[in-house]
1. Those residues that are hydroxyl-bearing (Ser, Thr, Tyr) and touching a Lys or Arg at 6+ places or on another chain (Cβ under 7 Å), I need them from region 1-57; list them, please.
2. State all residues of region 112-126 that are of a type outside the set (Phe, Trp, Tyr) and surrounded by 12 or more Cβ atoms within 10 Å (Cβ to Cβ); if no residue qualifies, say none.
3. Only residues that are more than 26 Å from residue 67 (Cβ to Cβ), of a type outside the set (D, E, K, R) and in contact (Cβ under 8 Å) with a residue 40 or more places away in the chain: list them for region 81-108, please.
4. Report, by residue number, each residue of region 69-110 that is of a type in the set (D, E, K, R) and surrounded by fewer than 14 Cβ atoms within 10 Å (Cβ to Cβ).
5. Quick check on this structure: which one of 63, 29 is more than 21 Å from residue 144 (Cα to Cα), part of a strand (DSSP E or B) and not aromatic (Phe, Trp, Tyr)?
6. Of all residues being at pLDDT 95 or above and more than 13 Å from the chain's Cα centre (by Cα) in region 27-62, which is surrounded by the most Cβ atoms within 10 Å (Cβ to Cβ)? Just the residue, please.
7. From the residues in region 42-75 that are in contact (Cβ under 8 Å) with a residue 24 or more places away in the chain and hydroxyl-bearing (Ser, Thr, Tyr), which one is nearest to residue 108 (Cα to Cα)?
8. Working carefully through the options 128, 80, 139, 91, find the one that is modelled with pLDDT under 95, assigned to a loop (DSSP other than H, G, I, E, B) and over 20 Å from residue 29 (Cβ atoms).
Amino acid sequence: MKTMKNAQGACICGFVRYEIVAEPITLFACHCSDCQTVTGSGFVLVLRVPYRGVTVIKGEEKAYERTEADERKRIIHRCPHCLTVLWSERPDSKEYVTVYAGTLDDSPTLRPVAHIWTRDAQQWLTLPKEALLYDENPPDMQPIIEAWHRQNGKAA
């Protein structure tokens, strides 16, 4: 299994570089309209990492708070120069951070094990049949976590 601990990523201008310092929990794609709007893309590749599992190794990110459609707060960590979204977290949860995995150096090698909020997915997108698919938020993250561990040859 290729570990993702110590994987690195950066913003588009290179001012901020970060490192994953804890083994990720899972990887999935979110197709919700919030993710599409905040990134200007069709979906976000979400790498869940244990809380404090990301360390800035160059530069300094800036935290921005926003309110999501469900009225919950989210802290978005961005490069203060190019405004690339790097990771986010909920101020009311210390379980995990959400790394926007497209900012990782090796992002083309990543394969999400699940797709959530598929009801909002771009109509032109073909979702992989082998992935777990959810119309909205999954009722339980455990199947997605287990699929990630199976894909990467780890016991759950």
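1. 26, 51
2. 112, 113, 114, 115, 116, 118, 120, 121, 125
3. Within region 81-108, 104, 107 qualify.
4. 70, 71, 72, 73, 92, 94, 95, 105, 106
5. Just a single option satisfies the conditions, and that option is 63.
6. Result: 61.
7. Of everything passing the filter in region 42-75, 55 is nearest to residue 108 (Cα to Cα).
8. Result: 91 is the single residue among 128, 80, 139, 91 that is modelled with pLDDT under 95, assigned to a loop (DSSP other than H, G, I, E, B) and over 20 Å from residue 29 (Cβ atoms).
The values are calculated or read from the model by the stated rules, or taken from the named source; none is laboratory data. This is a predicted model, so every value here is computed, not measured. Here the Cβ is made from the backbone with ideal geometry for all residues, glycine too, and neighbour counts use every protein chain on show.
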